[in-house]
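Throughout, read-outs are computed from the coordinates displayed, never taken from laboratory work. Quick caveat: nothing in here was measured; it's all calculated off a predicted structure. Here Cβ is always computed from backbone atoms with ideal geometry, including for glycine, and neighbour counts include all displayed protein chains.
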Amino acid sequence: MTIDLVLFFGLALIAVVAAIAMIASRNAVYSALFLVFNFLTVATLYLLLNAAFIAVVQVTVYAGAIMVLFLFVIMLLGTERESIGGRIRWQMPLSIVLGLALAGELAYVLLRNDIVQGPLADLTVEFGSPASIGRVLFNEYLVPFEVTSILLLVAMIGAIVITRKQREEGK
Amino acid sequence: MNIPPAYVLTLSGILFALGVIGVLIRRNAIVIFMSIELMLNSANLAFIAFARALAPAQEALRGHVFVFFVIAVAASEVAVGLALIVAIFRSKESIDVDEVSSLRG
C-alpha cells in the first residue's frame, strides 16, 4: 500500500464523515461549516489527482465565495434552528435506507468496472496547470466561456430583482 | 500519484448518495440547498477522476474545463436560489419546506 493510497483513504474518510455530519447537524451554521470542511478535503483530493488549478478554484470559489453567501443568508434570516420530526413519520428512515442502498449499489457498480486497466501514466507538472487549462478554455471553449459570463450577469440581475422589496400597489 | 480511478469514483458515488439523503431528510431549505451543492461537488470529483484516468491525452483536460464551468454555474445557481429563499422567508416567515405549501389545493 503506497503513501498515495493511505492519503486517499484518509481523505475519503474525512470527506464522508464531514458529509454525514453536515446532513446530521441540527444547526444550519454547523452544517455549512462541515460542508466547507468537505470542500477543502475534496480540494486536497484534486491536488492528489493532478488538478492543481481546479483545486485552487474549489477553495476560492466554492469554499470561499459560495459558502460565505450561505452563511450570510443563514445568519441574516436567523433560521439556523430546525424543528425535529417531519409531518410524515416514515419519511426519514425510508430515505436513509433507500439512500444507503443507492450508495451501496453505486459503490458495487463502480468498483467492479474496468474503465482503466493497468497503472496510470506518470504526469508532468504541466497537466492541470493554469496555463494548460487556459489554452484549452480559450481555444476550444471560448463561446461557452463567454456564455458563462452572460449567465453570471443574468443570475446577478435575477438575485437583485427577486429580493427587491415589492412596491405597494394601489396607493 | 497512483490511486485507482475506481476508488475515486466510488467516493464520488458515496458523497452523491449522502447528498440525496440530505435532500430527502432535511426540511430547512438552506440545508437542502447545501446538500445539492454536495451532489454537484461529487459530480466534479468524478470528472476529475476520469480526467486523471485518461491523463496524458490532451483531451483529458476537457474534464478540468467542464468542472470549471460547473463551478461557475453553481455560483450563479446559489445566487438565485438564496435570493428565492430570502423572498420566501419574507412572505412566510419560515423556510421550512413543509410550511411552503401554498400551491396545495
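Tabulated data for the structure shown
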item	result
Search result, residues across the range B:54-72 that are within 7 Å of chain A (Cβ to nearest Cβ) and of a type outside the set (Lys, Arg)	B:Ala55, B:Pro56, B:Leu61, B:His64, B:Val65, B:Val67, B:Phe68, B:Phe69, B:Ile71, B:Ala72
Listing of helices (runs of 4 or more DSSP H) fully contained in the range A:1-99 that carry 3 or more residues being without any contact (Cβ under 8 Å) to a residue 60 or more places away in the chain, more than 7 Å from chain B (Cβ to nearest Cβ) and more than 23 Å from B:Ala83 (Cβ to Cβ)	A:3-24, A:28-48
One residue from B:Ala51, B:Ala46 being surrounded by 20 or more Cβ atoms within 10 Å (Cβ to Cβ), more than 8 Å from chain A (Cβ to nearest Cβ) and assigned to a helix (DSSP H, G or I)	B:Ala46
Test: residue in the range A:49-63 that is surrounded by fewer than 17 Cβ atoms within 10 Å (Cβ to Cβ) and either of a type in the set (S, T, N, Q) or over 19 Å from B:Phe69 (Cα atoms) (or both)	yes
Selection count, the range A:135-146, where residues are loosely packed, with under 13 Cβ neighbours inside 10 Å and either not in a helix (DSSP H, G or I) or not polar (S, T, N, Q) (or both)	4
In the range B:1-43, residue farthest from A:Ala51 (Cα to Cα) [restricted to those that are at the interface with chain A (Cβ under 7 Å from one of its Cβ atoms) and of a type in the set (S, T, N, Q)]	B:Asn28
Residues of the range B:80-102 classified as small (Gly, Ala, Ser), crowded, with 18+ Cβ neighbours inside 10 Å and within 7 Å of chain A (Cβ to nearest Cβ), total	1
